[in-house]
Amino acid sequence: MIKTFLLSLVIVSVSLAVYLYFYLGVSKPVDISCEKRGPLNLMFKSHRGAYHEIGETIRAVEALATAHQLPCPLTFGEFLDDPDTVDQDRLRAHAGCVLGSPDLQTSLPDTEFELRPEASFVVAHFSGSPAIGPFKVYPNVKDYLKTRRLKSSMVAMEIYRVEGQDVTTEYLFPVASCSL
């Protein structure tokens, strides 16, 4: 009886691990390049606390955009602090929408609008779950920066493109220039 239970437990654990490996996209590649992006027209709210809890703030800004008939084709999270050096309850971020047109701005309570000019970024694309980005994408970007002798503040903007059940995340890490 105990052997059957242990064998069942091992089979369930392995099956779950294999399922999550493919479901989360651990096997998917990270494509990295250095290029210019922008201008970016952003509508956002500030978020303070654990980064994995930013989804609620993003949804609140999306709802606000919808209520005011502002197109929100892409959402984003911009992570301002290093979670290895700042307590989770003190982490700062911006969360919201990348608006379609640079002239779309209005005044809404507790909401900021910012038009960011074109700039150079190390850009990473990943079609796996954004939840594993810190474990898969960020180390690859750090290696890319090191091998190309580029410096970044590592303030990362993650832009989320949701199509049905698929999420593709574009990670933007600011750099002074893409030239070597």
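FYI, it's all coordinate maths here, none of it is from the lab. Quantities reported herein were computed from a predicted structural model and do not represent experimental measurements.
Over all directions, how big on average is the projection of the convex hull of the alpha-carbon atoms in region 112-180, in square nanometres? About 5.7 nm², averaged over all directions.
Note: region 29-174, Cα convex hull, 109 Å³ per residue.
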